[in-house]
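Undergrad: What follows is a single structure, and I will ask about it in a moment.
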Amino acid sequence: MSDPKRIQQLDLNLLKVFQTLYVEQNMSRTADILHLTPSAVSHAMKRLRESLGDPLFQRSRNRMVPTATCNRMAPLIIDNLTRLQQILQQWGEFEPTISEHVFRIGMHDALEPSILPKLCEIMSRRAPNVGIASVKIDRSKLSRDLGAGHIDVALDVSIPVQRPVRQQKLGSGGFKVLMRTRHPLRNALDKKAYLQSQHISVSNRPQGMTMEDTFFRQQGLERKTNVRCQNYYAAAKILKSSQQILTVTTRMAEQLIDDDLCIVDLPFSIPSFGTSLYWHEHSEQDAALAWLRSQLLEVLAHSQVTSA
């Protein structure tokens, strides 16, 4: 039986000797390959046997024959040693075609339809084994989440940030109104009708103003919101059987529209909003994260997520 204390203190160099002896099954060849003396190989195996509580090999003429336990465990050890060697050889480098890394991207679910399909298509060609996880973003914890590595990058509306968070502004966008195709205000939506209408708002926060409400408040405007839900697709379904209206970004409106819904211009002007890519400065020199940012920028350049 292995000694837990000895295992914790195990010299990993012994495993390299073990791997070579398991493959060669000969002490002299093992010593030659590792540029050691046969006595050094023998001493290394003695230390490993004491730690693992198993003879490991039995001498048969000129061969060192693995025990049954050794035959069972050796392939696992060798496989993990090989993987460790590959990881160390790639230290500081990133090869997308063979990487199995999982990137975590913080973004609002409203951005997912615009970003994820194209990003996944690019990944399937350039990094087939790389994973992508889109996770909920909390703007108040952006710096902490990026610094702790909970997310690798973030995509969100542009907000003021300070170092160590880095930001690249991607453009600006505006808003449209979404309503059912046969809504009586389809061709008659003016400022008064808009403010008197019943509105749906979408937010994954339990309370507080949405982005568009913030812009309205800045202009002294206030609307009546009687339904608040967590995602835009639920809101779109509500629209189809109600007189309510939904104010969304232009890009989201284009994602939601179908035969039952139509897009109408907002009857007054409000400030446009910016979209930014965020990352932590300690990741700027990381090859994998630099590659991820370049792929996202390519996706964003070809999508209309930042256009009004």
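Read-outs throughout are calculated quantities, based only on the coordinates presented, and are distinct from any laboratory measurement. All values reported here derive from a predicted model rather than from experimental measurement. Cβ: placed from backbone, ideal geometry, glycine included. Neighbour counts: every protein chain shown.
Undergrad: Which shape class, rounded, prolate or oblate, goes with the range 85-156 when its Cα gyration tensor gives a ≥ b ≥ c as root eigenvalues, a/c under 1.5 marks rounded, and past that a/b bigger than b/c marks prolate?
TA: Taking the square roots of the gyration eigenvalues as a ≥ b ≥ c, the range 85-156 is oblate.
Undergrad: Which one, 271, 113, 38, has the greatest fluctuation when you compute a Gaussian network model over the chain with C-alpha springs under 10 angstrom?
TA: With Cα springs under 10 Å in the chain, the top fluctuation among 271, 113, 38 is at 38.
Undergrad: Among bridges DSSP assigns within the chain, what percent are antiparallel (round to 5)?
TA: 60 percent
Undergrad: Which residues' amide hydrogens lie under 5 Å from the amide hydrogen of residue 261, considering only partners 5 or more residues apart or on another chain, with H built in the peptide plane?
TA: 181
Undergrad: Please sort by residue number the chymotrypsin sites (Phe, Trp or Tyr not before Pro) in the range 14-107 whose DSSP state is loop and whose Cβ has at most 10 other Cβ atoms within 10 Å.
TA: Here the sparse-neighbourhood loop sites are 91.
Undergrad: Run the helix sum for the chain: -39,500 (n - 2.57) per DSSP H stretch of 4+ residues, divided by residue count, reported at 222 nm to the nearest 500 deg cm²/dmol.
TA: Result for the chain: -12500 deg cm²/dmol, rounded to the nearest 500.
Undergrad: Same structure again: Note down the nm distance, to one decimal, between modelled labels 7 Å out along Cα→Cβ at residue 286 and at residue 72.
TA: According to this spin-label approximation, the distance is 3.9 nm.
Undergrad: Moving to a separate point now. Pairing the Cα long axis of helix 112-126 with the longest principal axis of the chain, what angle in degrees results, from 0 to 90 and rounded to the nearest 10?
TA: Here the helix axis deviates by roughly 30 degrees.
Undergrad: Expected output is a single nm value to one decimal: the length gained when fully extending between residue 39 and residue 60, i.e. 0.36 nm times separation in residues minus the C-alpha distance. What is it?
TA: Here the segment from residue 39 to residue 60 would lengthen by 5.8 nm.
Undergrad: Now for a separate question. Under a straight-distance cross-link criterion of Cα-Cα below 27 Å, which lysines are reachable from residue 169, leaving out those fewer than 8 residues away in the same chain?
TA: Correct list for residue 169: 118, 136, 141.
Undergrad: Which order results if 192, 118, 176 are arranged by neighbouring Cβ count within 10 Å, fewest first?
TA: Arranged by neighbour count, lowest to highest, 192, 118, 176 become 192, 118, 176.
Undergrad: Just check the range 175-265 against the gyration tensor rule for me: Cα atoms, a ≥ b ≥ c as the square roots of the eigenvalues, rounded for a/c under 1.5, and otherwise prolate or oblate depending on whether a/b exceeds b/c.
TA: Note, shape of the range 175-265 comes out oblate.
Undergrad: Then there is this: How would you classify the range 4-89 from its alpha-carbon gyration tensor, with a ≥ b ≥ c the square roots of the eigenvalues: rounded for a/c under 1.5, else prolate if a/b is greater than b/c, otherwise oblate?
TA: Judged from the Cα gyration tensor, the range 4-89 comes out rounded (a/c under 1.5).
Undergrad: Grab the beta carbon distance between residue 225 and residue 162, set R0 = 41 Å, and tell me the FRET efficiency rounded to 0.05.
TA: For residue 225 and residue 162, the calculated efficiency is 0.80.
Undergrad: Of the candidates 252, 179, 73, which one comes out as most mobile in a Gaussian network treatment of the chain with C-alpha springs shorter than 10 Å?
TA: Per the Cα network of the chain with a 10 Å cutoff, 73 tops the list.
Undergrad: Provide 214, 97, 249 in ascending order of the number of other Cβ atoms located within 10 Å of each residue's Cβ, fewest first.
TA: So the residues, fewest neighbours to most, are 97, 214, 249.
Undergrad: Take every Cα pair under 8 Å in the chain that's 6+ residues apart, average their separations, divide by the length, and report that relative contact order as a whole percent.
TA: RCO, the chain: 21 percent.
Undergrad: Taking the chain as a Gaussian network, where each spring joins two C-alpha atoms under 10 Å apart, which residue of 235, 68, 110 fluctuates the most?
TA: The residue that fluctuates most here is 68.
Undergrad: Compute the helix-to-body angle for 68-89: its Cα long axis versus the longest principal axis of the chain, expressed 0 to 90° and rounded to tens.
TA: Long axis of 68-89 versus the principal axis of the chain: about 50 degrees.
Undergrad: Roughly what angle does helix 13-24 make with the longest principal axis of the chain, taking Cα atoms, 0 to 90 degrees, to the nearest 10?
TA: 70 degrees
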